[in-house]
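**Q** Take a look at this one; I'll ask things after.
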Amino acid sequence: MLKKIKGKVISVEKDSILIEVGALTLEAFPSFRITKDVETGETYNFYASFEMSEYNIALYTFKDQIEEKVFQSLKKVSKIGPKTAAKITFTNDAENIAMMIENSDIKGLSSLPGIGKKTSERIISELNGEFEGYEIKQVNDNTTDVIEALEALGFDRGKILKVLKKVDTENKPVEELIKICLAEIK
């Protein structure tokens with residue numbers, strides 16, 4: 001089993017990353033945080049998952065442990081394999097995905113690639129409580145209203161959740177939270 005890879009990043013493309021490890025250059029599928037934070041020419045220590053099936057061999061890389069945990073958990077859900085789990089962790093931040101699962105956010109999970117309403121319900125039932133050891137901000141009723149209002153205005157759910165993670169949402173009215181989010185979202 002392959003758990004971590006330490007190497008120099010040669011290139012980061014839209015859907016692949018090249019990592020030089022000694023005399024080898026590995027091509028891997030990157031996660032959301034890798035595509036956003038990693039710079040070419042720098043050395044990193046990535047979490048990794050090597051997946052083999054009769055049709056495919058693939059290497060998936062993750063910037064930190066929460067991303068790897070979300071990927072490993074998602075692929076355990078029935079009817080979700082490594083490809084779908086990778087697609088999900090590639091398009092959205094792992095903490096946002098974990099937050100959606102912990103808050104039973106069927107609508108949010110359904111917006112992820114390859115996931116419908118029934119699969120969202122299955123993910124929630126099979127993975128609820130899976131991320132309790134991680135610091136994931138819980139969504140209260142006001143926050144849910146803010147997310148729905150901003151989505152109705154056309155804002156991306158991932159960006160909304162990213163802003164709300166930074167904001168103290170306790171005892172603040174929905175209107176004030178919306179103003180804060182609108183000021184932060186670009």
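The values are calculated or read from the model by the stated rules, or taken from the named source; none is laboratory data. All values reported here derive from a predicted model rather than from experimental measurement. Note: ideal-geometry Cβ built from the backbone for every residue, glycine included; neighbour counts use all protein chains shown. The protein model used for the area step is the full one, side chains on, heavy atoms only, and it has no ligands, DNA or RNA in it. Shrake-Rupley method; radii C 1.70, N 1.55, O 1.52, S 1.80 Å.
**Q** Between exposed GluC sites (Glu not before Pro) in the chain, where DSSP calls loop and at most 10 other Cβ atoms lie within 10 Å, what's the longest gap?
**A** So the longest stretch without any such site is 55-131.
**Q** Mind checking the angle between helix 157-166 and the chain's longest principal axis? C-alpha axes, 0 to 90 degrees, to the nearest 10.
**A** That works out to roughly 80 degrees.
**Q** Give the share of C-alpha pairs in each 10 angstrom bin for region 59-159, from 0 to the last occupied bin, in whole percents, shortest bins first.
**A** Computed distribution, short to long bins: 15, 53, 28, 4.
**Q** Next up: Mind giving me the FRET efficiency for Lys162 and Met1? R0 is 45 Å, r the Cβ-Cβ distance, nearest 0.05 is fine.
**A** Approximately 0.90, to the nearest 0.05.
**Q** Enter the angle in degrees (range 0 to 90, nearest 10) between the Cα long axis of helix 117-127 and the first principal axis of the Cα atoms of the chain, meaning the one along which they spread out most.
**A** Helix 117-127 sits at roughly 80 degrees to that axis.
**Q** With θ taken as phi - 60° and the coefficients 6.51, -1.76 and 1.60, list the Karplus ³J(HN,Hα) couplings across region 34-42 in order, rounded to whole Hz; mark glycine and proline as x.
**A** So the J values, rounded to whole Hz, are 5, 5, 8, 10, 7, 10, 5, x, 8.
**Q** Based only on Cα atoms, what Rg/Rh ratio does region 25-84 have, Rh being taken as Kirkwood's radius?
**A** Ratio of gyration radius to Kirkwood radius for region 25-84: 0.98.
**Q** Quote the accessible area belonging to Val21 in square angstrom, nearest 10, computed with a 1.4 Å probe and with ligands, DNA and RNA left uncounted.
**A** Here the residue's solvent-accessible area equals roughly 50 Å².
**Q** Run the numbers on the chain and let me know its relative contact order in percent, using alpha-carbon pairs under 8 Å that are six or more apart.
**A** Answer for the chain is 14 percent.
**Q** Output the 0 to 90 degree angle, nearest 10, between the alpha-carbon long axis of helix 141-152 and the longest principal axis computed from the alpha carbons of the chain.
**A** That helix lies at roughly 80 degrees to the long axis.
**Q** Out of the trypsin sites (Lys or Arg not before Pro) in region 12-112, which ones are loop residues according to DSSP with at most 12 other C-beta atoms within 10 Å?
**A** Counting only loop positions with at most 12 other Cβ atoms within 10 Å, the trypsin sites (Lys or Arg not before Pro) in region 12-112 are Lys14, Lys79.
**Q** Next question. Assign one of three labels to the chain, namely rounded, prolate or oblate, based on the Cα gyration tensor with a ≥ b ≥ c the square roots of its eigenvalues; rounded applies when a/c is under 1.5, prolate when it is not and a/b is larger than b/c, and oblate otherwise.
**A** prolate
**Q** For region 153-186 and region 67-123, what is the separation of their Cα centres, given in Å?
**A** Cα centres, region 153-186 to region 67-123: 22 Å.
**Q** Still on this model: Which percent of the accessible heavy-atom area of the chain goes to carbon and sulfur, probe 1.4 angstrom?
**A** Solvent-exposed carbon and sulfur of the chain make up 49 percent of the total.
**Q** Here is a further query. Over region 48-186, average the accessible area per residue using a 1.4 Å probe and give it in Å², no decimals.
**A** Solvent-accessible surface per residue comes out at 53 Å².
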